[in-house]
Amino acid sequence: DLISTIDVGMQDICEKALVDKLKELNASVGVVVLMEVATGEVKAIVNMMQGKDGEYYEMRNNAISDMLEPGSTFKIIGCYAAALDAGGKTLASVQDDAPFTVGSKTFNNYDKSFGGFTSIRWAITKSINIVTVKTLQDIGVELGYKYAEDFGISTLTDSDKNLSLALGGLTKGVTNLELTGAYATIANGGVYLEPKFYTQVLDHDGNVLLDKTTTQNTRTVIKDTTAWLLTDAMKDVLTQGTGKLARFDSQIAQAGKSGTTTSNRDCLWAGYTPYYTCAVWSGYDNNEKIPDDARNFHKNLWKKVMNRIHEGLDDKD
């Protein structure tokens, strides 16, 4: 008997919301992972694909095994967490947001514009690439790489030890599950809790064969003060920045970060409240470009899911 952590009601909410949004988008694939912050328990995991027959099918292992480019959601994991925790930076530290080339690689912001001297806080809020890359250059790629591994990202390779790490330009990408676990670490005050799908496995006599309540992998990745600063900056993302469309109507604190890969082929949103962390990916299974009118799919889905599962919960910071 496996004592699952999946909450049937939350799973149902995620499945229905995802199907509804996929119909609106006429998309191919959508992935949602929902974790409880305090325990690391996976409460819902949904992978839906639109078939050629127009029906929607659940796939069982997308979020666990499929690796996708995380885009700007990785700025927090591969750069800013390390910069604030051990790199001597603060949210008020500034970089010159200006054209930037290293070797043969030229880095650009999403809109190809530049803003001059810009704080890390504003760079997180507005997802400014140049500031992120220069910050990783200052603190060292090795430090950013180490912190990303400590956050539970197991798919990194030595070829990822370059400045593109700051922007999520990874050789293999990341799984949605591990991305969710990394953001849940920040929500949990800097303490990583291994995502778990069950608490116990019992035999037919009720004897405990496996017990995740005592064997769950846990470690401190960043100081609680660093987690507070990252959260405070990512709250601004939902009120002033790239995530305004993701915010649901509640006084419960909300923080998060968007991610979009080259040519809008992958759209991601990873965010959390004091209760739950949820990461959403949307796109096409043939990697084609997402149309202009569907590029906020992931944020709208996160909003719809989180609004439903937080109904009746107390306001909390």
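Couple of notes before you dig in:
- Three-way shape label, region 148-235, alpha-carbon gyration tensor, a/c 1.5: oblate
- Magnitude of the charge dipole for region 104-225, about its Cα centre and with charges confined to Cβ atoms of Lys, Arg (+1) and Asp, Glu (-1), is about 660 debye.
- For the chain, calculated [θ]222 nm from helices alone, where every DSSP H run of n ≥ 4 adds -39500 (n - 2.57): -9500 deg cm²/dmol
- Restricting the trypsin sites (Lys or Arg not before Pro) of region 95-166 to loop positions (DSSP other than H, G, I, E, B) with no more than 16 neighbouring Cβ atoms within 10 Å leaves Lys112, Lys161.
- Potential extension, Ser250-Tyr110 segment - 0.36 nm per residue separation minus Cα distance: 47.4 nm
- Stokes-Einstein D for region 158-317, Kirkwood Rh over Cα pairs, 37 °C, 0.692 mPa s (µm²/s): 188
- Averaged over residues, the count of other Cβ atoms within 10 Å places the peptides 235-248, 217-230, 34-47 in the sequence 34-47, 235-248, 217-230, highest first.
- For the chain, with +1 on Lys and Arg beta carbons and -1 on Asp and Glu, the positive-most of Gly312, Asn108, Leu143 along the dipole: Asn108
- The tail of the calculated P(r) for the chain beyond 24 Å holds 51 percent of all Cα-Cα pairs.
- Prolate/oblate/rounded call for region 242-317, Cα gyration tensor, a/c under 1.5 rounded: prolate
- Given +1 at the Cβ of Lys and Arg, -1 at the Cβ of Asp and Glu and no other charges, the dipole of the chain around its Cα centre is 1020 debye to the nearest 20.
- Spatial offset of region 1-47 relative to region 87-152 amounts to 32 Å, using the alpha carbon center of each.
- In a simple Cβ point-charge model (Lys, Arg +1; Asp, Glu -1; nothing else charged), region 232-317 has a dipole of about 120 debye relative to its Cα centre.
- Residue among Gly87, Ile153, Leu193 farthest towards the positive dipole end of the chain, charges placed on Cβ: Gly87
- Annotation: amide H of Tyr110 within the under-5 Å range of Asn129, sequence separation 5 or more or interchain, hydrogens built in the peptide plane.
- Most tightly packed first, judged by the mean number of other beta-carbon atoms within 10 Å of their residues, the peptides 11-21, 62-72 read 62-72, 11-21.
We did not get these values from a lab; they are worked out from the coordinates using the rules stated. What you see is a predicted model, and the numbers here were worked out from it, not measured in a lab. Note that each Cβ is placed from the backbone with ideal geometry, even for glycine, and that neighbours are counted across all protein chains shown.
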